[in-house]
1. When each pair of different Cα atoms in chain A is counted once in the 1/r mean, what is the Kirkwood radius in angstroms, to one decimal?
2. For every helix of n ≥ 4 consecutive DSSP H residues, a contribution of -39,500 (n - 2.57) applies; sum these over the protein assembly as shown, divide by its total residues, and give [θ] at 222 nm rounded to the nearest 500 deg cm²/dmol.
3. For region A:1-47, take every pair of Cα atoms, bin their distances at 5 Å starting from 0, and report each bin as a whole percent.
4. Is there a pair in A:LYS7/B:LYS136; B:LYS51/B:LYS147; A:LYS7/A:LYS136; A:LYS136/B:LYS7; A:LYS136/B:LYS136 whose C-alpha atoms are over 21 Å apart, and which pairs would that be?
5. Given the options A:GLN69, A:GLN13, A:GLN86, which has the most mean-square fluctuation in a GNM of chain A, springs set between C-alpha atoms less than 10 angstrom apart?
6. Mind pulling the angle between the C-alpha long axis of helix B:40-52 and the longest principal axis of chain B? Nearest 10 degrees, somewhere in 0 to 90.
7. Given a 10 angstrom Cα cut-off, can you work out which residue in A:GLY125, A:GLY82, A:GLY53 is the most mobile in a GNM of chain A?
8. Determine the total buried accessible area between chain A and chain B, counting protein heavy atoms only with a 1.4 Å probe; round to the nearest 100 Å².
There are 2 protein chains.
Amino acid sequence: MHNVNMKAEQLHQLIWMSRPLMQAAESCVEDGLAGTNLTVRMRAVLEILHKYGEQTVPELAARLEIQRQYVQIMCNETLASGFIEQRANPRHKRSPILALTNQGSTLIEDILSNEMQIMQEMSEGLSTEDIATALKVVLFVVDGLKKRAGERK
Amino acid sequence: MHNVNMKAEQLHQLIWMSRPLMQAAESCVEDGLAGTNLTVRMRAVLEILHKYGEQTVPELAARLEIQRQYVQIMCNETLASGFIEQRANPRHKRSPILALTNQGSTLIEDILSNEMQIMQEMSEGLSTEDIATALKVVLFVVDGLKKRAGERK
DNA sequence: TCATATTGACATTATGCATGTCATTTTGAC
DNA sequence: GTCAAAATGACATGCATAATGTCAATATGA
């Protein structure tokens, strides 16, 4: 009985740490971008292209799960920066494929490796099992919350 | 060696689940507000007043860690709704104390209890230890990220 | 008393999206 | 090959959630 409330209480706390967690993570990423001429959203474009390879704006939008109109803007900015470039798309002549330039490729690899370095340093204070457990719990909770939101619709 | 990368990788995943987690949680809260004439930010005002008792706008702002000018707007809206009211502040005549009305008090208790119900249902799929571990890990990570951001400044 | 701080009110700006519309391709079914 | 439907880029608008700046009134405290 009391245990049930305890669990719910802790779960509640966990869920609402998501905001500070996100803010802290984002401002950390932002710090890592200092001196690169990149914005956070340009970094996001580079990251996806690095992770999943060259692709079009609509593909990127699907991957990022945000509207293509906004992704278009992000990509145009990134294009202007010279870290990505357009290549002819054999599958769709109006929608060029976006690809990292050498410069962009080097840059995003550098950034990601610095970020991973931070992850490694931080993970030293935690056990492998605890991290795995935390990830499992969070995935479970996100899933549960999404289902619940889905029901209502 | 490989284990180190594994940990970093999982930690990375965990951290970046914070955004979907937050979004899912917020849209769940929003669902719970349907039919109440409350907005999410009005709910936030009621929640703080319920949790920490009656207080002034600047106090609320400190608690929410957002600028008092914005909190002022939230509070004015909430005042207009009739769920909170102003009371004379003996400590500062220009800054009335905001307190829940009976209506507001009933409403926020109702909302919070529904939300806790959801927490309980969801926590059934998880063990007490796993939830505690997840919370511990997340707190540790937030702390670590904040320190890191703090250093740079 | 009087300099300083606090507060509410108001204005402006920024960020991160969602949504709508349009003209121009492009695609796919026939 | 034709043609309706879909995809795409470009542009406009709107909205929530703030941050920031300013001002006048008032309150505080030395």
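The values are calculated or read from the model by the stated rules, or taken from the named source; none is laboratory data. Source: prediction; values computed, not measured. Side chains are part of the model used for accessible areas, which takes the heavy atoms of the whole protein and leaves out ligands, DNA and RNA. Shrake-Rupley method; radii C 1.70, N 1.55, O 1.52, S 1.80 Å.
1. Radius from the Kirkwood sum: 18.2 Å.
2. Only helices count here, giving -24500 deg cm²/dmol.
3. Percent of Cα pairs in each bin: 5, 18, 17, 14, 11, 9, 9, 7, 6, 4, 1, 0.
4. Checking Cα-Cα distances, B:LYS51/B:LYS147 exceed 21 Å.
5. Highest fluctuation of the listed residues: A:GLN13.
6. 90 degrees
7. Residue with maximal mean-square fluctuation among A:GLY125, A:GLY82, A:GLY53: A:GLY125.
8. 6000 Å²
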